[in-house]
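To keep things clear, I will list the structure first and then write my remarks on it.
Taken together, the values in this text are just the output of simple stated rules run on the coordinates, not laboratory data. Every value quoted in this text rests on a predicted model; they were computed, and no experiment measured them. Backbone-built Cβ (ideal geometry, glycine too); neighbour counts: all protein chains shown.
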Amino acid sequence: MNDPHPLRSDAWFNNPAEPGETAIYLERFANRGITGQELRAGRPVIGIAQSGSELTPCNFIHVSLVQRVKDGIRDAGGIPVEFPTHPIQESVRRPTAALDRNLAYLALVEILTGYPFDGVVLTTGCDKTTPAALMAAATVDIPAIVLSGGPMLDATWEGHRAGSGMVLWQARRDLAAGRIGPDELIDRVVGTVPSAGHCNTMGTALSMNSLAEALGMSLPGCAAIPAPYAERAAMAYRTGYRAVELVREDVRPSAILTRAAFDNAIVVASAIGASTNCPPHLAAIAAHAGIRLDVRDWDRIGYHIPLLVDLQPAGRHLGESFHRAGGVPAVIGELLAAGLLDGTAATVSGGSIADNCAARRSLDTEVIRRYGDPVKHDAGFMVLSGNVADSAILKTSVIGDDYRDRYLGGDVATACFEVRAVVFDSPEQYRATIEDPELGVGPDSMLIVRNAGPVGYPGSAEVVNMSPPGALVRQGIEMLPCMGDGRQSGTSDSPSLLNVSPEAAVGGGIALIRTGDRLRVDLPGRRIDLLVDEDELQRRRAEPLPEVVASYTPWQELFRRHVTQLSEGAYLDFATAYRSAGRIVPRHSH
Ligand code: FES
Ligand code: MG
């Protein structure tokens, strides 16, 4: 075949200087009938990083989709080789799936560098499966393309749209208020799973797959197609086909994951109402691509972007409707027309982002609004700092009317208010004591949880969406301001100060807060400050830090020693030194 680029896989299968080596590799593929005729014909070997399994139900659709990926690879002249990735299931993994992202990343880097791959199809879906795959692609830098598995179909409960995650948060509030019992909570949550697929809200899964598309790493339209749709299987075929072409054209992630692509992704994130998990994930992908994203970039580039997508948790609709309204290409088309994106950014399609999306517009303006008629103005993240945090993220798009009027004087942009701190040293302490009247939780309280960060938890837990005690919920106060050094589920609608960095466990200012302290939140000044005099703070700095749990697996220990803070991306500090690892053909050992 007339291939202008030497294939990496030739070092294994086509090495005239080492016939013994070549024989060893061909022999083991031959045991399932793969012939030397195929492997030695200059055909790109395309890995398919299979993230679906019975342990990862969100991505299970990939177990069947992969057949269409293989068809596409074969039709384009390549050889498909499927292999499993380290499983990550957000909702089932204890103590948190956050431990798995960096582990899946490490394993994928080893697989992609150690085996005869010329390119890779990255199957993604559930929250951290997507950043893990993109981080590895950025490090290895062999041609790579993302195939997301897609959201579940839209669901309803008693005539209302019932979004993944949202249905649980509301049911928990109903349980706390005594409106429902535990059986109804379980029936409602389990009864709103309509099909295969990942979360159908704009949670971390749909957000990160939308950002993979905005970064240019998947074909246009890929992110939002529901998992069971025929279009999803067609997308799988086209993705496999395109993977082979990417090898022939030598298009690598380094040509796509540029500064312009990350800036575009931040703008798109605001317009879709993306998850608060996106800043650390995008920072980690960028770090492995050799680009430094500052958490303040989210405020600087993203805050003034309007919310165009009316999806839960910030809005009303769900993923299937998002797809029918035009999905990510329609959002990008609106933002390009408003001059808010760099249209020249390259994508895996071969065209620029403007080539792919400039002509695309919303097909249903109830779900994807026109730029001039958004769901909300100034809908991006605010990034605050002060004597309790170098940075804390606030997702403004989920702030509801009731909360805005109660705490923010009706306007997020100008709000300054004081709160009384109620501090929990772990999520367990919150659950065990929140109903205790001695805590004195009232309408002016801020619920604060610490030891929930990358080092303290370890991994960083999605616990910073704490409900008020039942007595307050029954009075109609369904949400209180929250703050924590952990994260929040992408499906949560709690207006919290999240991802506080540095975390308590490494001596961050959040460790100095005591129950009963006053804190001042100044949103226009982007400040969060503990109103305690400096002498007292100095005295508290000398006290021991709140105790963290011990590691009980070897990986937890290694993770803790090397993880960076959430503001930086919570990646492994030593891993960014190994860029372009896939350009090296490793030594052989026979
Ligand atoms: Fe897997 Fe939401 S739990 S996508
Ligand atoms: Mg999550």
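Between Ala471 and Tyr115, the FRET efficiency estimated from the beta carbon spacing at R0 = 60 angstrom works out to 0.55. Hull volume per residue, based on the alpha-carbon atoms of the stretch 195-327 and their convex hull, is 103 Å³. For the peptides 135-143, 350-358, 433-441, the ranking by mean Cβ contacts within 10 Å, running from highest to lowest, is 135-143, 350-358, 433-441.
Report the FRET efficiency, 1/(1 + (r/R0)^6), for Ser352 and Glu438, where r is their Cβ-Cβ distance and R0 is 51 Å, rounded to 0.05. Rounded to the nearest 0.05, the efficiency is 0.25.
Placing unit charges on C-beta atoms (Lys and Arg positive, Asp and Glu negative, everything else neutral), compute the dipole magnitude of the stretch 398-487 about its Cα centre in debye, rounded to 20. Mind dumping the intermediate values first?
Values: 7 positive and 14 negative charges, 26 e Å.
It works out to roughly 120 debye.
The protection proxy used here, the mean number of other Cβ atoms lying within 10 Å of each residue, ranks peptides 580-587, 118-125, 500-507 as follows, highest first: 118-125, 500-507, 580-587.
Under the simplified labelling scheme, the Glu231-His304 pair shows an inter-label distance of 3.4 nm, with each label point 7 Å from Cα along Cα→Cβ.
Using DSSP, restrict attention to beta bridges with both residues in the chain and report what percent are antiparallel, rounded to the nearest 5.
Details: 24 of 54 bridges.
Just about 45 percent of them are antiparallel.
3J(HN,Hα) couplings calculated from phi for the stretch 456-466 with the Karplus curve 6.51 cos²θ - 1.76 cosθ + 1.60 (θ = phi - 60°) are, in sequence order, x, 6, x, x, 5, 9, 8, 10, 8, 9, 7 Hz; Gly and Pro show x. With 0.36 nm allotted per residue and the present C-alpha distance subtracted, the Asp71-Leu55 stretch has 3.2 nm of extension available. Taking a straight Cα-Cα cut-off under 21 Å and skipping sequence neighbours fewer than 8 places away in the same chain, the lysines within cross-link reach of Lys376 are Lys395.
List the relative contact order of the chain as a percent without decimals, with contacts defined as Cα pairs under 8 Å and 6+ residues apart. Please report the intermediate quantities before stating the final value.
Values: 1399 pairs, mean separation 84.2, N = 590.
For the chain, the relative contact order is 14 percent.
Calculated from DSSP H runs of 4 or more alone, at -39500 (n - 2.57) each and per residue, what is the 222 nm mean residue ellipticity of the chain, nearest 500? Please list the in-between numbers first.
On the way: 22 runs with 208 residues, N = 590.
Calculated from helices alone, the mean residue ellipticity at 222 nm is -10000 deg cm²/dmol.
The alpha carbons of the chain give a radius of gyration and a Dmax of 24.2, 80 Å, in that order. Within a straight-line Cα-Cα reach of under 30 Å, Lys70 can be paired with the following lysines, leaving aside sequence neighbours fewer than 8 residues apart in one chain: Lys128.
Extension gain for Ser551 to Arg404 (0.36 nm times residue separation, less C-alpha to C-alpha distance): 48.9 nm.
Could you rank the peptides 170-176, 149-155 by their average count of other C-beta atoms within 10 Å per residue, with the highest value first?
Working: 170-176: 18.4, 149-155: 25.7.
Packing proxy ranking, top to bottom: 149-155, 170-176.
Quick one: dipole size for the stretch 153-219, taken about the Cα centre, charges +1 on Lys/Arg Cβ and -1 on Asp/Glu Cβ, in debye to the nearest 20.
Working: 5 positive and 7 negative charges, 36 e Å.
I would put it at about 180 debye.
The mean of 1/r over all distinct Cα pairs in the stretch 97-215, once inverted, gives the Kirkwood hydrodynamic radius of 16.2 Å. Once both labels are positioned 7 Å from their Cα atoms along Cα-to-Cβ, the gap between Gln37 and Val193 label points is 4.6 nm. Could you check how many percent of all C-alpha pairs in the stretch 517-577 are farther apart than 18 Å? Here the tail beyond 18 Å accounts for 64 percent of pairs. Using θ = phi - 60° in the Karplus curve 6.51 cos²θ - 1.76 cosθ + 1.60, the 3J(HN,Hα) couplings for the stretch 575-581 round to 6, 6, 7, 10, 5, 6, 4 Hz; x is entered for Gly and Pro.
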